[in-house]
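Asker: I'd like to ask you about the structure that follows.
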Amino acid sequence: MPRGAPSPLPRQVKLFGWVSLLNDFASEMIYPLLPAFVTGVLGGGAGVLGALDGAAEFAAAVVKLGAGRLADRARWRGPLIVVGYFTAVVVRPVIAVTGAAWQVIGLRVVDRLGKGLRTPPRDALIADATPAVLRGRAFGLQRGMDHAGAVLGPILAWWLLASGSANVRAVIGASIVPGVLVLALAMWAVRDGAATDGKGRQRAASGSEPMPHSAALSRPLPPPLLAISAFYLLRMPDTLIILRSQQLGVPVAVVPLLWAAVHVVRSSSSFLGGWASDRLGPRQTMWLGWLVYAILAVGMARAGTAAAAWGWFLAFGLVAGLTESPERALVARLGGARQGSGFGLYHGVTGFAALVGGVTLGAVFQRYGASAAFVASGMGGLVLVVAWSVLERVGPARV
């Protein structure tokens with residue numbers, strides 16, 4: 001290999017990229033349809049939708065903490081990943097035959113339990129398989145292909161419904177097809193990882209804040225994880241951004257296409273975010289993502305037309321690209337020899353933060369209006385940007 005040329009990413013990382021693409025392909029065939037399915041077909045209301053998302057995210061956050069602890073033991077990673085994907089593949093199509101809203105909630109919770117099982121060990125495996133200097137790009141690839149799947153799934157669902165080829169139940173049931181491919185690739189990736197000797201593994205960088213054990217929640221969290229959690233606490237949930245877009249005139253029938261377009265931006269910017277994380281550092285890249293979010297949230301608050309809603313919503317896709325990959329690269333460095341616990345704690349704490357933030361911002365949205373909620377979220381983002389800049393100058397810790 002020529003001197004200075006970037007090293008190729010491990011094959012296992014690429015396999016997990018394809019697993020993520022196909023899994024989100026199957027998942028996002030269903031997710032944009034759940035509101036219409038629950039309210040239109042099953043007769044549920046907005047409260048049911050809130051319970052659906054809240055219960056699912058709460059369950060996933062709890063399981064991620066335990067799965068992260070188990071993932072510190074290399075022999076547990078493969079089984080947890082396979083069982084996690086298997087759970088989702090089997091449960092999602094069953095939603096098609098449900099007859100009551102509470103059944104959808106239960107199945108959605110089980111689906112997210114599968115996500116909680118597989119995510120920390122998968123991220124830990126990617127971190128250990130990848131040299132430290134390439135971790136940003138490795139997670140950028142994984143997140144980019146994940147979002148690419150979230151482009152294809154809604155487009156296929158929209159086409160099946162618009163062409164009359166299938167109804168909502170049939171589309172949900174059809175998610176089993178890419179799900180079977182997910183399982184096959186996941187087992188291949190896990191088997192490929194059995195030969196990995198952990199060349200990417202390293203101890204926490206000198207001067208960094210070590211990540212506490214996922215079970216040691218009473219111990220102080222390192223400042224970077226606190227800052228990341230604060231961002232998830234103040235960030236506006238996607239469902240509320242969609243609702244704001246509908247208020248501004250985006251037709252409900254077009255929402256799947258808007259959702260797919262957002263993931264085009266997320267996918268492409270994830271590769272950029274991974275590259276920037278390796279070149280500029282994960283802290284600086286995250287900070288840029290927070291700044292972009294604060295500007296966009298205030299812009300969405302002031303938007304007044306459907307065209308503006310499209311523009312601001314698509315721009316929100318940049319935030320995921322600039323934050324998700326560097327977050328994981330930073331957690332991998334802080335995790336040291338406890339990658340499983342590190343990622344379990346990261347996913348668990350940020351999941352709780354997102355749940356609390358989503359409920360709070362939803363209440364502000366309902367009582368004071370969309371503009372107030374988005375302004376509050378954007379101002380919170382600006383406070384985080386300024387606070388992080390000050391903390392970095394007072395006591396920088398290079399990781």
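The values are calculated or read from the model by the stated rules, or taken from the named source; none is laboratory data. Small disclaimer: the values here were computed from a predicted structure and weren't measured. Don't worry about glycine lacking a Cβ; one is built from the backbone with ideal geometry, like all the others, and counts go over all protein chains shown. Accessible surface is based on the protein model in full, side chains and every heavy atom, while ligands, DNA and RNA are left aside. Shrake-Rupley method; radii C 1.70, N 1.55, O 1.52, S 1.80 Å.
Matching residues to (1) within 15 Å of residue 16 (Cα to Cα); (2) modelled with pLDDT of 85 or more; (3) among the hydroxyl-bearing types (Ser, Thr, Tyr):
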| residue | (1), (2), (3) |
| --- | --- |
| 46 | no, no, no |
| 52 | no, no, no |
| 61 | no, no, no |
| 64 | no, no, no |
| 72 | no, no, no |
| 85 | yes, yes, yes |
| 94 | no, yes, no |
| 141 | yes, yes, no |
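Asker: If you check 260, 230, which single one turns out to be part of a helix (DSSP H, G or I), under 30 Å from residue 332 (Cα atoms), hydrophobic (A, V, I, L, M, F, W, C) and open to solvent by less than 10 Å² (accessible area, probe 1.4 Å)?
Answerer: On the way: 230 fails: open to solvent by less than 10 Å² (accessible area, probe 1.4 Å).
Exactly one residue qualifies, and that residue is 260.
Asker: Still on this structure, please answer the following. So how many residues does the stretch 144-185 have that are among the aliphatic types (A, V, I, L, M), in contact (Cβ under 8 Å) with a residue 24 or more places away in the chain, open to solvent by less than 40 Å² (accessible area, probe 1.4 Å) and within 17 Å of residue 93 (Cβ to Cβ)?
Answerer: 7
Asker: I've got another one for you. When you go through 134, 125 one by one, which is the residue that is of a type outside the set (S, T, N, Q), farther than 24 Å from residue 280 by Cβ, at pLDDT 85 or above and over 16 Å from the mean Cα position of the chain (by Cα)?
Answerer: Values: 134 fails: farther than 24 Å from residue 280 by Cβ.
Only one candidate qualifies: 125.
Asker: For a quick check of your reading of the model, give me the residue pairs whose first member lies in the stretch 371-384 and is touching a residue at least 60 places away in the same chain (Cβ under 8 Å) and more than 21 Å from residue 243 (Cα to Cα), whose second is surrounded by fewer than 18 Cβ atoms within 10 Å (Cβ to Cβ) and hydrophobic (A, V, I, L, M, F, W, C), with beta-carbon atoms closer than 9 Å and at least 6 apart or on different chains.
Answerer: 382/295
Asker: Pairs under 8 Å by beta carbon, first residue open to solvent by 10 Å² or more (accessible area, probe 1.4 Å) and part of a helix (DSSP H, G or I) in the stretch 330-353, partner aromatic (Phe, Trp, Tyr) and at pLDDT below 80, six or more apart or different chains?
Answerer: That search, which allows pairs on different chains as well, returns 351/58; 352/58.
Asker: Step by step: first the residues of the stretch 70-88, then only those that are in a helix (DSSP H, G or I) and over 20 Å from the mean Cα position of the chain (by Cα), then the one that is farthest from residue 188 (Cα to Cα). Which residue is that?
Answerer: Applying the first criterion (in a helix (DSSP H, G or I)) to the stretch 70-88 yields 70, 74-88.
Then keep just the ones that are over 20 Å from the mean Cα position of the chain (by Cα); that gives 70, 74-76, 78-79.
Numbers: 70: 21, 74: 16, 75: 15, 76: 16, 78: 10, 79: 12 Å.
Top of the filtered list is 70.
Asker: Can I ask one more? Could you count how many residues in the stretch 282-326 are over 15 Å from the mean Cα position of the chain (by Cα), open to solvent by 20 Å² or more (accessible area, probe 1.4 Å) and under 18 Å from residue 233 (Cα atoms)?
Answerer: 6
Asker: Right, another one. Out of the residues in the stretch 233-257 meeting the condition of being in a loop (DSSP other than H, G, I, E, B) and open to solvent by less than 20 Å² (accessible area, probe 1.4 Å), tell me which one is modelled with the lowest pLDDT.
Answerer: Our first condition is that a residue be in a loop (DSSP other than H, G, I, E, B); within the stretch 233-257, this holds for 235-237, 248-251.
After this cut, where a residue has to be open to solvent by less than 20 Å² (accessible area, probe 1.4 Å) as well, the list is 236, 250.
Working: 236: 87, 250: 84.
Checked the stretch 233-257; the qualifying residue modelled with the lowest pLDDT is 250.
Asker: Next question. List every residue pair whose Cβ atoms lie under 7 Å apart, where the two residues are 6 or more positions apart in sequence or sit on different chains, the first residue falls within the stretch 251-278 and is basic (Lys, Arg), and the second residue, located anywhere, is in a helix (DSSP H, G or I) and open to solvent by less than 20 Å² (accessible area, probe 1.4 Å).
Answerer: As it stands, the answer is 266/147; 266/317; 266/320; 266/321, since those pairs meet every condition given.
Asker: Is it the case that some residue within the stretch 316-327 is in contact (Cβ under 8 Å) with a residue 40 or more places away in the chain, under 21 Å from residue 241 (Cα atoms) and among the charged types (D, E, K, R)?
Answerer: Looking through the stretch 316-327, at least one residue is in contact (Cβ under 8 Å) with a residue 40 or more places away in the chain, under 21 Å from residue 241 (Cα atoms) and among the charged types (D, E, K, R).
Asker: Quickly run through the stretch 122-150 and pick out the residues that are in a helix (DSSP H, G or I) and β-branched (Val, Ile, Thr). Give the derivation first.
Answerer: Restricting attention to the stretch 122-150, the residues satisfying the condition of being in a helix (DSSP H, G or I) are 122-129, 132-150.
Those that are in a helix (DSSP H, G or I) and β-branched (Val, Ile, Thr): 126, 133.
Asker: Additional query: How do the pairs read when you match residues in the stretch 77-90 that are closer than 14 Å to residue 112 by Cβ with residues anywhere that are among the basic types (Lys, Arg), using Cβ under 6 Å and keeping only pairs 6 or more apart or on different chains?
Answerer: Sorted first by the residue in the stretch 77-90, then by its partner, the pairs are 84/118; 85/118.
Asker: Residue under question is residue 362, and the condition is that it be open to solvent by 10 Å² or more (accessible area, probe 1.4 Å) and outside any helix (DSSP H, G or I); does it hold? Step through it out loud before you land on a result.
Answerer: Numbers: open to solvent by 10 Å² or more (accessible area, probe 1.4 Å): yes; outside any helix (DSSP H, G or I): no.
Considered against the rule, which asks whether it is open to solvent by 10 Å² or more (accessible area, probe 1.4 Å) and outside any helix (DSSP H, G or I), residue 362 comes out as no.
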